[in-house]
C-alpha cells in the first residue's frame with residue numbers, strides 16, 4: 001500500500017509511505033517512510049498504534065506521540081481563508097459554478113457555491129479581474145484550503 005503525505009498542510013516536501021507484508025515473517029509489515037524502514041508486527045499495530053483518516057489528513061498515535069500527515073495528492077493548502085479568498089474555507093461539495101475561464105468579474109461577484117455542513121458558502125471575487133482557470137467542477141468534494149479558482153487581477157489604468 002503506497003501513500004504520499006506532507007508533514008504539514010503548507011509543506012511542499014512530499015513524504016512517500018509504503019506498507020507491505022514482510023516477506024520473511026508472517027504477521028509483520030515492512031513500513032517505509034521516506035528513507036526510513038521499520039518492521040512492525042501486526043499485533044503491535046492493533047494494540048500500540050491508533051490512527052484516524054479524515055478529509056485527506058491522517059492522525060497517527062504511536063508510542064505516546066502524535067503525528068499529523070496531509071494527503072500530498074490534494075492541492076497545497078494555504079493560510080487562513082477570509083472574505084474574497086479563492087480557497088475552500090472548509091471541506092465540502094461544490095454545488096454550483098457560476099463563472100467560466102475568460103470571464104470578467106467585478107469584486108464581490110459570486111464565483112461558485114460550496115455546500116459544507118448543510119450550509120452554502122459563497123466564494124466571491126476579492127477584486128475585479130478575469131477568471132483564468134477553474135480548479136473544480138460541480139459535484140467535486142474538496143478539502144479545506146483547496147484552491148478553487150484562479151483570478152487574474154484587472155489591469156490598472
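Mind telling me which of the residues 138, 115 ends up being over 16 Å from residue 89 (Cα atoms) and modelled with pLDDT of 90 or more? Show your work before the answer.
Numbers: 115 fails: over 16 Å from residue 89 (Cα atoms).
Residue meeting the stated conditions: 138.
When restricted to residues that are surrounded by 13 or more Cβ atoms within 10 Å (Cβ to Cβ) and modelled with pLDDT of 90 or more, the range 143-157 contains 4.
The values are calculated or read from the model by the stated rules, or taken from the named source; none is laboratory data. Quick caveat: nothing in here was measured; it's all calculated off a predicted structure. We place every Cβ from the backbone using ideal geometry, glycine too, and count neighbours over all the protein chains shown.
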